[in-house]
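S.K.: Structure provided below as structure tokens; questions to follow.
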Amino acid sequence: MSAQLKQTACALLLMFGMLSMGSAAAQSSVVYHIDHAATQGLKGLRNIRNHLDVAPKTKIVVVTHAEGVDLLMDGAKDEKNAVEYAPLIAALKSRGVRFEICEITLKNRKLNKEQFILDAEFTPSGVVRIADLQFQDRYAYIKP
């Protein structure tokens, strides 16, 4: 094998090795869409916990609107299992998960920000936020 061919082969191996290292180190980003707390709440929170258990560096944003905002109301719980959401949300928040509430929903349902847990943030439109995260920021989309 010629010296030039060996150099080219080594350069290609090095390049492919660097590319694979970059993809392994890449952090994925996911938006979880919750629009009905009664059917998606507990299942969604468990999905997120499991997601982070397997891929702890994942950047996760939970966007709620319509009846999904009920998940983040102070004192909210899963009616079927009597499980309070707040401790589960706090645990996920401590792992870097962001929880956002649609302000259009607040207006339409005549709710105010003081009715929600402190771990919640607010966004002008839940649907626009989901679209922006997907299109502009390249977030994967999950609806539990």
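S.K.: Residue 72 - would you say it is in contact with a helix residue (DSSP H, G or I) (Cβ under 9 Å, 6 or more places away or on another chain) and farther than 24 Å from residue 128 by Cβ?
M.R.: no
S.K.: Test each condition in (1) without any contact (Cβ under 8 Å) to a residue 12 or more places away in the chain; (2) part of a strand (DSSP E or B) for residue 100 and report the one that comes out false.
M.R.: So the condition that residue 100 fails would be (1).
S.K.: Now, a different point. Pairs needed: first member in the stretch 128-144, part of a loop (DSSP other than H, G, I, E, B); second member anywhere, aromatic (Phe, Trp, Tyr) and surrounded by 15 or more Cβ atoms within 10 Å (Cβ to Cβ); C-beta distance under 9 Å; at least 6 residues apart or different chains.
M.R.: 143/32; 144/32
S.K.: Related question: Give the residue that is most open to solvent (accessible area, probe 1.4 Å), with candidates limited to residues of the stretch 107-132 that are at pLDDT below 95 and among the aliphatic types (A, V, I, L, M).
M.R.: The extreme case among them is 118.
S.K.: If residue 102 passes every condition in (1) out of contact with any His (no Cβ under 8 Å at 6 or more places or on another chain); (2) buried (at least 16 other Cβ atoms within 10 Å of the Cβ); (3) not basic (Lys, Arg) but one, which one does it miss?
M.R.: Exception for residue 102: condition (1).
S.K.: Additional query: Counting only residues that are open to solvent by 10 Å² or more (accessible area, probe 1.4 Å) and part of a helix (DSSP H, G or I), which one in the stretch 46-81 is farthest from residue 140 (Cα to Cα)?
M.R.: Step by step, filter the stretch 46-81, then rank; the result is 70.
The values are calculated or read from the model by the stated rules, or taken from the named source; none is laboratory data. Please read these numbers as outputs of a predicted model, since none were measured by experiment. Every residue, glycine as well, gets a Cβ built from its backbone with ideal geometry; the counts of neighbours run over all protein chains shown. Remember, those area values only see protein heavy atoms, side chains included, never the ligands or the DNA or RNA. Shrake-Rupley method; radii C 1.70, N 1.55, O 1.52, S 1.80 Å.
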